[in-house]
Amino acid sequence: MFFFKKKEIPLIDFFPKDFVDIHSHLLPGIDDGAKNIAASIELILKMYSYGIKNFITTPHVLGDVYPNASQTIQSKLTEVRDALLAKGYPDIHIRAAAEYMMDEQFSERLKNDDILPLKDNYILVEMSYFNAPMNLYDVLFEIQLKGYKPVLAHPERYVFYHNALENYYKLKKAGCLFQLNLLSLTAHYGKHVQQVSHQLLKQNTYDFVGSDTHHHQHLQLLKQIGTEKNLKKIQHLLKNNCKVFN
């Protein structure tokens with residue numbers, strides 16, 4: 001019996017040269033990502049070694065847990081930009097948006113136009129891992145009424161949809177764009193998440209990808225996605241990130 005090893009691709013050859021990572025937690029000390037400025041720079045430089053030089057980092061904005069004001073996020077972004085320049089990395093381009101939990105506070109921010117989009121009118125949103133908001137479709141409608149396009153972070157991780165995949169198609173019909181977490185291609189979040197991510201890929205449901213990097217463990221695991229098979233599956237999404245967010 002013959003066993004064929006997966007053809008591995010170094011990440012520096014996996015990502016397109018102008019790839020933009022649109023989901024990460026790289027700003028220091030404001031959510032469950034980088035704890036301080038040193039950790040921020042370490043994570044960014046590790047990703048730089050993978051060939052990623054363009055970032056739209058997205059700290060959580062989540063009720064009273066991470067009540068990050070837009071001004072706070074922008075201030076932390078300036079801190080990171082200054083530190084990168086001081087270390088001699090003018091070719092790293094980092095912008096900041098946010099990953100918004102679709103809760104009551106988010107609806108208030110939306111009414112007050114206090115939103116940091118990924119670019120133009122794209123907003124990164126998420127929901128609880130336990131259940132969808134009761135008024136989910138109302139919120140999605142509100143977002144679009146304000147002229148924004150909702151990009152749902154890691155839809156494959158909402159396990160309450162795993163036995164009812166038709167909900168994903170309802171979300172797409174409601175105008176929701178989907179962002180795949182790259183680590184969902186591995187077993188990091190569990191086998192079921194991995195299976196659903198491949199199923200949604202097969203059905204061409206995703207629009208974009210993101211690393212959702214929080215810490216070094218994520219970046220160590222990220223190397224596992226570097227295979228010819230994975231590249232074939234998501235190459236169009238990598239290119240879409242480049243096309244839309246540069």
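Worth pointing out:
- When residues of region 34-58 are limited to those that are assigned to a loop (DSSP other than H, G, I, E, B) and in contact with a strand residue (DSSP E or B) (Cβ under 7 Å, 6 or more places away or on another chain), the one surrounded by the most Cβ atoms within 10 Å (Cβ to Cβ): Thr58
- For region 231-246, residues that are more than 15 Å from the chain's Cα centre (by Cα) and surrounded by 16 or more Cβ atoms within 10 Å (Cβ to Cβ) total 2.
- Considered as a group, the residues in region 148-169 that are outside any loop (DSSP other than H, G, I, E, B) and of a type in the set (A, V, I, L, M) include one that is surrounded by the most Cβ atoms within 10 Å (Cβ to Cβ), and that residue is Val151.
- Met134 vs. criteria surrounded by 14 or more Cβ atoms within 10 Å (Cβ to Cβ) and closer than 14 Å to Asp103 by Cβ: no
- Here Val65 passes the criteria (1) over 26 Å from Cys242 (Cα atoms); (2) touching a residue at least 12 places away in the same chain (Cβ under 8 Å); (3) among the aliphatic types (A, V, I, L, M) except the one numbered (2).
- Lys76 being basic (Lys, Arg) and surrounded by 21 or more Cβ atoms within 10 Å (Cβ to Cβ): yes
- Qualifying position, being closer than 23 Å to Gly51 by Cα, among the charged types (D, E, K, R) and modelled with pLDDT of 95 or more, among Asp120, Asp138, Asp91: Asp91
- Pick from region 79-107, criterion within 14 Å of the chain's Cα centre (by Cα) and part of a loop (DSSP other than H, G, I, E, B), ranking: surrounded by the most Cβ atoms within 10 Å (Cβ to Cβ): Ala98
- Of the residues in region 161-174, none is closer than 30 Å to Ser75 by Cα and not aromatic (Phe, Trp, Tyr).
- The residue list Ala97, Ala174, Ala164 contains one member that is more than 30 Å from Asp82 (Cα to Cα), of a type in the set (A, V, I, L, M) and touching a strand residue (DSSP E or B) at 6+ places or on another chain (Cβ under 9 Å), which is Ala174.
- For beta carbons closer than 6 Å, sequence separation of 6+ or different chains, a first residue in region 23-38 that is over 11 Å from Val80 (Cβ atoms) and in contact (Cβ under 8 Å) with a residue 24 or more places away in the chain and a second that is acidic (Asp, Glu) and surrounded by fewer than 24 Cβ atoms within 10 Å (Cβ to Cβ), the qualifying pairs are His25/Asp31.
- Just one residue in the set Leu183, Leu219, Leu200 is in contact with a helix residue (DSSP H, G or I) (Cβ under 7 Å, 6 or more places away or on another chain), surrounded by 17 or more Cβ atoms within 10 Å (Cβ to Cβ) and within 17 Å of Met127 (Cβ to Cβ); that residue is Leu200.
The values are calculated or read from the model by the stated rules, or taken from the named source; none is laboratory data. Computed from a prediction, not measured in an experiment: that's the story for all the values here. Note that we place each Cβ from the backbone using ideal geometry, even for glycine, and neighbour counts take in every protein chain shown.
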